[in-house]
Each structure stands twice: as structure tokens, then as C-alpha cells.
1. With respect to residue 19, is the statement that it is exposed (fewer than 12 other Cβ atoms within 10 Å of the Cβ), assigned to a loop (DSSP other than H, G, I, E, B) and at pLDDT below 85 true?
2. Between a residue in the stretch 62-73 that is under 14 Å from residue 40 (Cα atoms) and any residue that is open to solvent by less than 40 Å² (accessible area, probe 1.4 Å), which pairs come within a Cβ distance under 7 Å, given they are 6 or more apart or on different chains?
3. Could you please find all residues in the stretch 53-68 being over 21 Å from the mean Cα position of the chain (by Cα), part of a helix (DSSP H, G or I) and either surrounded by 10 or more Cβ atoms within 10 Å (Cβ to Cβ) or small (Gly, Ala, Ser) (or both)?
Amino acid sequence: MLSDAHNPKRMSNLVAHYALGLIRWQKPEQSGKRNVSENAMHRYKTMIGSKLHSRDFNNQQQEMMLAASILNRFTQLGMPES
């Protein structure tokens, strides 16, 4: 399974994953936080789109702020009360 032809960082992650188990491996690697941010970007690109529509930089900033506030509002609406 292990090979020098593969990326060394990936191989060290695989070795650590198998040695520690999934949960104990995720904590020092902060894999959970990375997964949350990747999910947020996926939601953004799915709902808003992968491209900005404005050409002017100031308008692009406003477009991003508006899109982020829309996603935050959707997240608030969908969160369960616990």
C-alpha cells in the first residue's frame, strides 16, 4: 500500500490515520474545521454560483458581502433549537 511514488504528506497522513484511528487523528490535524469550511464553500457555490457577476472591484465586494449574509441567514433558519 505505501509507496514512494505517492505524495509524502498524504502517506504520512494515511499512516497516522491507520495508527491512531479516525477520531484521534482528526483532532491534531483539525480536519473537522477544514471540513466545515469546505462545506461552506460548497454551499456558497451551489446556491450563489462559482463566479462573480460584477466587474467592478467595489461591486464584487458588495456582492460577496450580500451572498455571505444570505448564506448566514439560511444557516440560521435551518439550525435546530437545542
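The values are calculated or read from the model by the stated rules, or taken from the named source; none is laboratory data. Keep in mind the model is a prediction, meaning the values are calculated, not measured. Here the Cβ is made from the backbone with ideal geometry for all residues, glycine too, and neighbour counts use every protein chain on show. In case anyone asks, the SASA skips ligands and DNA or RNA and just uses the protein heavy atoms, side chains included. Shrake-Rupley method; radii C 1.70, N 1.55, O 1.52, S 1.80 Å.
1. no
2. Pairs that qualify, where the first residue is under 14 Å from residue 40 (Cα atoms) and the partner is open to solvent by less than 40 Å² (accessible area, probe 1.4 Å), are 67/44; 71/44.
3. Of everything in the stretch 53-68, those that are over 21 Å from the mean Cα position of the chain (by Cα), part of a helix (DSSP H, G or I) and either surrounded by 10 or more Cβ atoms within 10 Å (Cβ to Cβ) or small (Gly, Ala, Ser) (or both) turn out to be 59, 60, 62.
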